[in-house]
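Participant: This is the structure I have questions about; it appears just below.
The values are calculated or read from the model by the stated rules, or taken from the named source; none is laboratory data. Fair warning: this is a prediction, and the values are worked out from it, not measured in the lab. Virtual Cβ from ideal backbone geometry, glycine too; neighbours counted across all protein chains shown. These area figures cover heavy atoms from the full protein model, side chains too; ligands, DNA and RNA do not enter into them. Shrake-Rupley method; radii C 1.70, N 1.55, O 1.52, S 1.80 Å.
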Amino acid sequence: MSRPAPSPAAPPFPARTVPVPFLAPDTAREHVDGAGPADGDASEAPLTWSQRYYLAEVDAARAHGRGLNVPRLYRLRPGTTEAGTVTALSELLVRYEVLRTRVVRDPAGTVRQRVHARGALHLAVHEAPAGAVDDHARTVLDGLVTPPLDVTECWPLRAALVTEDGHPRYLALAFSHVAVDAYALVPVSEHLVERIAEADPVARAAAPAAGTVARGPREQAAAEASPAGRKAAGRALRHAEEAYRRMPAAVNPAPDTRPRPSPRHRFLHRTSPALDLAVGAVAARTGESPATVLAAALVALDAAGTGPVPHEDGTGETRYGAVHLISANRLRPETAAAVLPLSQPVPCCVDTAGATFQELARRTAAASLRAFRAGGAPPDELAALLATVARERGVRLDATPALNYRPRSTALPVRPTTAGELAAAAPRAVTRWTEADPWRASHYLSADVDASGIRLLLQVDTAVHPPEWAERRLDALERLLCAAALDAHCPALPTLG
């Protein structure tokens, strides 16, 4: 039998640990044909495309002392016991095999996943000071999520229980991104809410109906290696090549001899009531989603920094803008409820020539739909394709995933606005530099959106752009969207200054 993966160490707070044992039913019977060797304890399979993408991101983040861990803090229902929490977590590990899976790297460089049928997760139990359970729970979560998780040595999950006067009050969890993306946590939260938790702390779309048979990581890997999976990969690669041959060349920044700030990756956080109003107003006028409106603005900023290029048929000139969108392929029932990452960046290239911003939003909607339909592909094949196209074009291309739009179940208000309303809202904008986990990107914009507004987080790699570039970028984004909110004929390409 192979040795079960050990649990990670408890976070650096006084705590006792409780084992959460699990024993999954008959791993050999669950084994997928062609997925790899299986015995009574573990089964191996190749990593899925999204797991390979996230593993590369996690490896890169570890070099900066970060982990790309996904936090969740669940308030527990009154009457929940420690034993009940252990049982709920054990059931979770049995139900979703990716949470009891570790990555195996062999000396030849091959990377695989090993699903374990038995083992134990360590649950750290922390007693909160009297009257401070809420703050203590957040502190425990920070300690849980900050240290990198080495998924070759431990489970892709850390867990801590926060008690008050001996009674469980919160469950803190930290997941490795190699195991989950945000949508994978919908069924996880559904399970915990059914058993012990009051509510999903980050509500999204409802989980699929009960009885849906979801794919595990081995099934997904087998599906990607099948003839149908290879056909899907070919379709995605053809779409990516079309985008790479059109997307603007990356601008080489002017040499800057000033000392670079440390750490290398900086994160600019911005909330702006004026931006919220502007995005909602453009969405109301165009009939497109706020996500499309933000993507169109990023396309416009990208195109504005480049020059025109000849049409492919030689008749005149055009100007393309590009944005990489995070695509989560969860359209089929077996993937909609799957607890494993299914998201990857996909290139979206849009012709901006002669367009007003309103028309650009419509073009971006159509281009986004084509990109999402194309979906993900093997990351190594995408990287090789990008290098080939860049070499043939004689330019540098930046495959940065530029926009990760993360809506909550509550929607951003969509309605018209006025110049007076925008002017009154503008002073309430808040911009500050914050800490976060770095992605392998020259710039990466995350947008968390709910009824309270849009929370932007722009990562900038200071080896490529100085920090003030990020400030100018977000200022230009808001100016463009405010102008488009008031003028249906606003030009698509702004003056960046």
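Participant: Multiplying the sequence separation of Glu91 and Glu198 by 0.36 nm and subtracting their Cα-Cα distance, what value in nm do you get?
Facilitator: On the way: separation 107, 0.36 × 107 = 38.52 nm, distance 1.78 nm.
Taking Glu91 through Glu198 to full extension adds about 36.7 nm, to one decimal.
Participant: If you don't mind, there's one more thing I want to ask. For the range 127-224, which trypsin sites (Lys or Arg not before Pro) pass both filters: DSSP loop (anything but H, G, I, E, B) and at most 10 other C-beta atoms within 10 Å?
Facilitator: Of the trypsin sites (Lys or Arg not before Pro), not one in the loops of the range 127-224 has a Cβ with at most 10 other Cβ atoms within 10 Å.
Participant: Round to the nearest 10 and give me the degree value, 0 to 90, for the angle of helix 379-393's Cα axis relative to the longest principal axis of the chain.
Facilitator: Once rounded, the angle reads 20 degrees.
Participant: Shifting gears a bit: With only Lys, Arg, Asp and Glu charged, each at its Cβ (+1 for the first two, -1 for the last two), find how big the charge dipole of the range 57-184 is about the Cα centre; round to the nearest 20 debye. Before the final figure, lay out each step's value.
Facilitator: Values: 15 positive and 15 negative charges, 83 e Å.
Charge dipole of the range 57-184: 400 debye, to the nearest 20.
Participant: At 1.4 Å probe radius, can you tell me the per residue accessible area of the chain in Å²? Show your work: numbers first, answer last.
Facilitator: Numbers: 21190 Å² over 497 residues.
Accessible area per residue: 43 Å².
Participant: On the accessible surface of the chain, probed at 1.4 Å, how many percent belong to carbon and sulfur atoms?
Facilitator: The C+S portion of the solvent-accessible surface of the chain is 55 percent.
Participant: Out of all DSSP beta bridges in the chain, what portion is antiparallel? Express it as a percent rounded to 5.
Facilitator: Numbers: 67 of 78 bridges.
Of all bridge pairs located within the chain, approximately 85 percent are antiparallel.
Participant: Another question about this same structure. Counting pairs of alpha carbon atoms under 8 Å apart in space and at least six apart in sequence, what relative contact order in percent does the chain give? If you can, show how the numbers build up before the last one.
Facilitator: Details: 1007 pairs, mean separation 92.9, N = 497.
Result for the chain is 19 percent.
Participant: When the solvent-accessible surface of protein heavy atoms is calculated with a 1.4 angstrom probe, in what order do Ile326, Ile196 fall, highest first? Please report the intermediate quantities before stating the final value.
Facilitator: Working: Ile326 35, Ile196 10 Å².
Of Ile326, Ile196, the descending order of accessible area is Ile326, Ile196.
Participant: What label, among [x] 34; [y] 27; [z] 42, belongs to percent of Cα pairs over 36 Å apart computed from the structure on display?
Facilitator: Read-out from the structure maps to [x].
Participant: Roll a 1.4 Å probe over the protein heavy atoms and report the accessible area of Thr110 in Å², nearest 10.
Facilitator: Estimated to the nearest 10 Å², Thr110 gives 60 Å².
Participant: Taking 0.36 nm per residue of separation and subtracting the Cα-Cα distance, what length does fully extending Leu331 through Val395 add? All intermediate terms of the calculation are to be shown ahead of the outcome.
Facilitator: Details: separation 64, 0.36 × 64 = 23.04 nm, distance 3.58 nm.
Roughly 19.5 nm would be gained on extension.
Participant: Next up: How large is the dipole of the chain about the Cα centre if only Lys and Arg carry +1 and Asp and Glu carry -1, each at its Cβ, rounded to the nearest 20 debye? Mind dumping the intermediate values first?
Facilitator: On the way: 55 positive and 54 negative charges, 82 e Å.
Dipole of the chain, to the nearest 20 debye: 400 debye.
Participant: In addition: Could you pull the accessible area for Arg432 with a 1.4 Å probe, rounded to 10 Å²?
Facilitator: We get 110 Å² for Arg432.
Participant: Could you tell me which residue out of Ala222, Pro273, Val18 lies farthest along the dipole of the chain toward its positive end? Charges go on the beta carbon: Lys and Arg +1, Asp and Glu -1, centred on the Cα centre.
Facilitator: Farthest towards the positive pole: Ala222.
Participant: For the range 113-165, what class follows from the C-alpha gyration tensor (a ≥ b ≥ c being the square roots of its eigenvalues): rounded when a/c is under 1.5, otherwise prolate if a/b is larger than b/c, else oblate? Working shown, then result.
Facilitator: Details: a/c = 4.82, a/b = 2.13, b/c = 2.27.
Here the range 113-165 falls in the oblate category.
Participant: Assuming a ≥ b ≥ c are the square roots of the Cα gyration tensor eigenvalues, decide whether the range 442-497 counts as rounded (a/c under 1.5), prolate (otherwise, with a/b larger than b/c) or oblate. Could the numbers behind the result be given before it?
Facilitator: Working: a/c = 3.01, a/b = 1.29, b/c = 2.33.
Oblate shape, in that a/c is at least 1.5 and b/c is the bigger or equal ratio.
Participant: What accessible surface, in Å², does a 1.4 Å probe find on Cys482, ignoring ligands, DNA and RNA and rounding to the nearest 10?
Facilitator: Result for Cys482: roughly 30 Å² accessible.
Participant: Please compute the contact order of the range 49-199 in relative form: average sequence separation of alpha-carbon pairs under 8 Å and at least six residues apart, divided by the residue count, as a percent.
Facilitator: Working: 245 pairs, mean separation 54.8, N = 151.
Taking the mean separation of contacting Cα pairs over the length of the range 49-199, I get 36 percent.
Participant: In degrees from 0 to 90, rounded to the nearest 10, what is the angle of the helix 467-486 Cα long axis to the longest principal axis of the chain?
Facilitator: 70 degrees
Participant: On to the next question. Report the FRET efficiency, 1/(1 + (r/R0)^6), for Arg264 and Arg77, where r is their Cβ-Cβ distance and R0 is 35 Å, rounded to 0.05. Write out the running numbers ahead of the final one.
Facilitator: Working: r = 43 Å, r/R0 = 1.24.
So the FRET efficiency works out to roughly 0.20.
Participant: Give me the distance in nm between label points sitting 7 Å out from Cα along the Cα-to-Cβ direction at Glu153 and Ala384, one decimal.
Facilitator: 3.3 nm
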